[in-house]
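Okay, so here's the structure we're looking at.
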Amino acid sequence: MAFKTKLSATPGEALGQSDAFVAFQEQLSLVATVDRPVLLVGERGSGKELAAARLHYLSKRWEAPIIALNCATLASTLLESELFGHEAGAFTGARERRKGRFEAADGGTLFLDEIGLIPIEVQEKILRVVEYRAFERVGSSSPISVDVRIIGATNADLPQLANVGKFKRDLLDRLSFEVLFLPPLRERHGDIMLLARHFAGRMTLELGYENLPEFSEKAIHLLESYPWPGNVRELKNVVERALYKSQGKPIESIEFDPFRAPYTTTTVDTPEQNQGQIPVTTVSVQKPEDVDKSLPEIVREVELKALQKALLTAQYHQGKAANLLGLSYHQFRALYRKHKDVLAETG
C-alpha cells in the first residue's frame, strides 16, 4: 500500500515579510525541534499543510517519512482502518493484511488534517497511541509499537468541541503541547503583493509570456483592500486568472468571484400556471451606461449596504450579523473596521 509521504504544499508559497508572518515562522521553528505534538489552527487556505511540512523538516525526524491524512474525507470505519491498518478478513473486502498510517509514519510524523472531524470512537484509539505508543490493527489483538509525532490541523474551535462532547478532552490535552495560529492573509500587511507577484511570475512562465505583466494601481488597490476569506489559496487563483486574461498586457481587472454571472436573471413566479413546468426566465445584458462609478466605489457601496442591513437585522449583534453575511467573526470584524467611520455616522 503506497502512502502519501510528501505533502502537496509548494515551498514557494511560504513567502512573507509581514510582522505576523515572521512571528509565526519564528514560533514554528522554535517548536519544530521539540519532539511533542503540535496543533495548527487556521482558516481555509492559510497554509496549514505547508506549515506541517516545515515543522517536520525542521525537526529531528526530517529523514523519516511524513504521512498525511485528511480526516474529513473518510467515514468512521474507513478512517480507523486507514490509521491503524487491518488484518485479512477483519471486515468484508479485507482480503489481505494492510498497514495503517501510524505504522507507515513510524519514526517520523503523522499529519492529521481536519482533526476536529475525527469521530469520538476513533479519537479514543488515537489517545491510546499517544499515551502508550502502541495500537492494534483492526481485527487483531496483538499490540504494535510505534514512535510517531502527531501534528494536527483544524479551523474548528477544539476547546468548544470538547465542551459539547464532540472532542475528547484528554486527547486535546495530549495534542496541545503547543498550539500555533496561522495568520490570515488579511492580517499579513505587505504580503499580498509579494505573493501576488510570485504567483504571477510562475503563471507567466507556464503561459510562455516573455515578460511579467505589471499590476496597475487600480489592481493593486483591489487586491490589497479585499478581505481574502480563502486566504493564500484564493489569492493564487485570483492572480492566475487575472494574468491569463490579461494576455501579457498590464493587469487592470481583478475578478474575485468567477461565478458572478454577467446577466441579470428574473424568474416569473406563477405556481398555478407553471406547475410541473420549467420556470420562465428572462435574461438581459447589463448596459454599459449603468456603470458610472469605479469598481472600488461600487464594492465599497455594496459592502457598506450589506453591513448596515445585516447589523440592523441582527439588532447590532455582530456575531449574528457575521452569520447573516456568511462570514467568520474575524472576517466580519475586518470588514466592520474598514467602514467603521461611515457606520458610526449613519448608526
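Throughout, read-outs are computed from the coordinates displayed, never taken from laboratory work. Here the structure is a predicted model, which means the values were calculated and not measured. When we count neighbours, we look across all protein chains shown, and the Cβ atoms used for this are built from the backbone with ideal geometry, even at glycine.
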Checklist outcome for this item: Under a Gaussian network model of the chain whose springs join Cα atoms within less than 10 Å, the largest fluctuation of ASP191, ASP35, ASP257 belongs to ASP257
Checklist entry - Considering only DSSP beta bridges with both partners in the chain, what is the antiparallel share in %, to the nearest 5? => result 30
Item to check | Nitroxide proxy distance, nm - points 7 Å out along Cα→Cβ at SER140 and ASP170 | outcome: 2.4
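Exactly which chymotrypsin sites (Phe, Trp or Tyr not before Pro) in the range 72-159 are in a DSSP loop and have at most 16 other Cβ atoms within 10 Å?
Counting only loop positions with at most 16 other Cβ atoms within 10 Å, the chymotrypsin sites (Phe, Trp or Tyr not before Pro) in the range 72-159 are PHE91.
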Checklist entry - R0 = 45 Å: FRET efficiency of ALA14 with LYS305, Cβ-based, nearest 0.05? => result 0.75
Checklist outcome for this item: Candidates GLU303, GLU103, GLU49; GNM for the chain (alpha-carbon contacts under 10 Å) flags as most fluctuating GLU303
Item to check | Residue exposure sequence - LEU304, LEU158 - by fewest surrounding Cβ within 10 Å | outcome: LEU304, LEU158
Checklist entry - Where in the chain are the DSSP H helices whose C-alpha atoms run 24 Å or more along the long axis and whose mean Kyte hydropathy is at least -0.5? => result 295-313
Checklist outcome for this item: In deg cm²/dmol, rounded to the nearest 500, the helical mean residue ellipticity at 222 nm of the chain, built from -39500 (n - 2.57) for every DSSP H run of length 4 or more, is -13000 deg cm²/dmol
Checklist outcome for this item: One checks the Cα atoms of the chain and finds Rg and Dmax, in Å, of 24.7, 76
Checklist entry - Taking 0.36 nm per residue of separation and subtracting the Cα-Cα distance, what length does fully extending THR73 through ASN237 add? => result 56.7 nm
Checklist entry - Can you list the residues, at least 5 places off or on another chain, whose amide H is less than 5 Å from the amide H of VAL148, using H built in the peptide plane? => result GLY107
Item to check | Extent along principal axes [Cα atoms of the range 186-246; Å; largest to smallest] | outcome: 33, 22, 18
Checklist entry - Between the range 15-29 and the range 138-177, what's the alpha-carbon centroid distance in Å? => result 27
Item to check | Placed amide H near ASN155: partners under 5 Å, 5+ positions off or other chain | outcome: GLY42
Item to check | Extension gain (nm, one decimal) between ARG337 and GLU26, 0.36 nm per residue minus Cα-Cα | outcome: 109.1 nm
Checklist outcome for this item: If one builds a Gaussian network model of the chain from Cα atoms under 10 Å apart, the most fluctuating residue listed among ALA314, ALA162, ALA261 is ALA261
Next on the checklist: Largest first, please: the extent of the C-alpha atoms of the range 11-183 along each principal axis, to the nearest Å.
Outcome noted: 54, 39, 26
